[in-house]
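Engineer: The following block contains the structure, expressed as structure tokens.
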Amino acid sequence: MLDAECLNGLREAVEQVLGDPGPRAFVDESKGGRYAYDSFMWTRNEAFRGLHQTSRLPGLAAGLMGSTKAFLLVDSMFIKEPGTPQPTPWHQDQPVGWYDGEQLCSVWIPLDEVTLESGALEYVRGSHRWGRWFASPAEATRGGNHASGFEPVPDVEASRQEHEIVHFNMKPGDALFHHLLVLHGSSGNAASDRRRRAIALRYAGDDATYVERPTGLKPIFDPAMKNGDPFGCPLFPQVWPPSAEHADPQTVSNTDWQATSA
């Protein structure tokens, strides 16, 4: 999906973001290695902004969702340096986000060769059709009362033989598209000679709407939207087809931002 020039630009962009993290970034070195996360890079980095403006990804997402439009919900990066043991727990994306609807999808793109050893994503095939919503792993591990109202995540690791679990070895620039209710996770990076740099993009289609959840992830700032509002504003722009109304994502900032309707 991405050519060598684009990949090299994104690798440089990752280093820039690591050196100048955003408001939702964090780094974990507590167990050895180094796990780093950040999001909404497109609001402050030219390479990530260009990915949404010029690549095939938004159009492909719209087609897979059966939607006439695609709106960008967030971009994120997940860095697992060699020898990083932290796994990504089994989870669903939709219950922990600010989006509802059927026309939603995630795209996961590695910037390095990825295998099970280095932390390839694994999926419980068909789990998006279970009709079940699971609380975030963080909510469960804190021993909370599941304020989200969703059930605890099943212990997939303890019952792997009961599920059809699949993964894909990937080359840099390959892309995985998945439904936001599919259970997925990954191991740490046990490789000693290979980083696992990956980016994830989430898109919304025609029927998707904004939702505030009591737990889970939050945008980088309050978008001044209400439950049920459609997407299409500077923070959640229409990226397919390109929209003149939201053609300049640089208008987004933490201190000077005004919502506009789609």
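The values are calculated or read from the model by the stated rules, or taken from the named source; none is laboratory data. Because the structure is predicted, anything quoted here is derived from the model rather than measured. Cβ coordinates were reconstructed from backbone atoms using ideal geometry, including for glycine residues, and neighbour counts include every protein chain displayed.
Engineer: Out of all the residues in the range 62-70, is one or more surrounded by fewer than 19 Cβ atoms within 10 Å (Cβ to Cβ), in a helix (DSSP H, G or I) and without any contact (Cβ under 8 Å) to a residue 40 or more places away in the chain?
Structural biologist: Within the range 62-70, one or more residues are surrounded by fewer than 19 Cβ atoms within 10 Å (Cβ to Cβ), in a helix (DSSP H, G or I) and without any contact (Cβ under 8 Å) to a residue 40 or more places away in the chain.
Engineer: On to the next question. With respect to the numbered conditions (1) touching a Phe, Trp or Tyr at 6+ places or on another chain (Cβ under 7 Å); (2) of a type in the set (D, E); (3) within 25 Å of V211 (Cα to Cα), which one is the sole condition not fulfilled by D93?
Structural biologist: Answer for D93: the failing condition is (1).
Engineer: Restricting the range 141-151 to residues that are surrounded by 10 or more Cβ atoms within 10 Å (Cβ to Cβ) and out of contact with any strand residue (DSSP E or B) (no Cβ under 7 Å at 6 or more places or on another chain), which is modelled with the highest pLDDT?
Structural biologist: Going through the qualifying residues, I end up with G149.
Engineer: On to the next question. Just checking, does the range 84-94 include any residue being of a type in the set (D, E, K, R), closer than 20 Å to G216 by Cα and in contact (Cβ under 8 Å) with a residue 60 or more places away in the chain?
Structural biologist: Step one: list which residues in the range 84-94 are of a type in the set (D, E, K, R), which gives 93.
Among the residues that remain, those that are also closer than 20 Å to G216 by Cα are: 93.
Filter once more, so that each one left must be in contact (Cβ under 8 Å) with a residue 60 or more places away in the chain: 93.
Within the range 84-94, one or more residues are of a type in the set (D, E, K, R), closer than 20 Å to G216 by Cα and in contact (Cβ under 8 Å) with a residue 60 or more places away in the chain.
Engineer: Restricted to the range 35-47, and to residues that are on the phi < 0 side of the Ramachandran plot and in a loop (DSSP other than H, G, I, E, B), which residue is surrounded by the fewest Cβ atoms within 10 Å (Cβ to Cβ)?
Structural biologist: R44
Engineer: With the checklist (1) at pLDDT 95 or above; (2) of a type in the set (D, E, K, R); (3) not in a loop (DSSP other than H, G, I, E, B) in hand, flag the one item E117 doesn't pass.
Structural biologist: So the condition that E117 fails would be (3).
Engineer: Okay, moving on. Return yes or no: is L73 under 25 Å from T215 (Cα atoms) and either within 16 Å of the chain's Cα centre (by Cα) or among the hydrophobic types (A, V, I, L, M, F, W, C) (or both)?
Structural biologist: Judged against the criteria, L73 is a match.
Engineer: Could you tell me which of the residues P234, P172 is surrounded by 15 or more Cβ atoms within 10 Å (Cβ to Cβ), free of Cβ contacts under 8 Å to residues at least 60 places away in the same chain and closer than 30 Å to G9 by Cα?
Structural biologist: Among P234, P172, only P234 is surrounded by 15 or more Cβ atoms within 10 Å (Cβ to Cβ), free of Cβ contacts under 8 Å to residues at least 60 places away in the same chain and closer than 30 Å to G9 by Cα.
Engineer: In addition: Tell me yes or no: at least one residue of the range 111-133 is touching a Phe, Trp or Tyr at 6+ places or on another chain (Cβ under 9 Å), free of Cβ contacts under 8 Å to residues at least 40 places away in the same chain and not hydrophobic (A, V, I, L, M, F, W, C).
Structural biologist: yes
Engineer: Yes or no: G216 under 19 Å from the mean Cα position of the chain (by Cα) and within 30 Å of R160 (Cβ to Cβ)?
Structural biologist: In short, yes.
Engineer: Right, next: Can you tell me which residue among E81, E122, E102 is crowded, with 20+ Cβ neighbours inside 10 Å, within 19 Å of the chain's Cα centre (by Cα) and either of a type outside the set (K, R) or on the phi < 0 side of the Ramachandran plot (or both)?
Structural biologist: Numbers: E81 fails: crowded, with 20+ Cβ neighbours inside 10 Å; E102 fails: crowded, with 20+ Cβ neighbours inside 10 Å.
None of the other options fit; the residue is E122.
Engineer: Going by the conditions given, is G131 within 24 Å of D206 (Cα to Cα), assigned to a loop (DSSP other than H, G, I, E, B) and at pLDDT 95 or above?
Structural biologist: Answer is yes for this residue.
Engineer: So which of G32, G59, G50 ends up being at pLDDT below 95 and in a helix (DSSP H, G or I)?
Structural biologist: Unique residue meeting the criteria: G50.
Engineer: What number of residues within the range 188-201 satisfy the criterion of being farther than 18 Å from L111 by Cβ and either assigned to a helix (DSSP H, G or I) or of a type outside the set (A, V, I, L, M) (or both)?
Structural biologist: First pass over the range 188-201, keeping only residues farther than 18 Å from L111 by Cβ: 190, 192.
Imposing the further condition that a residue be either assigned to a helix (DSSP H, G or I) or of a type outside the set (A, V, I, L, M) (or both) reduces the set to 192.
Of the residues in that region, 1 qualify.
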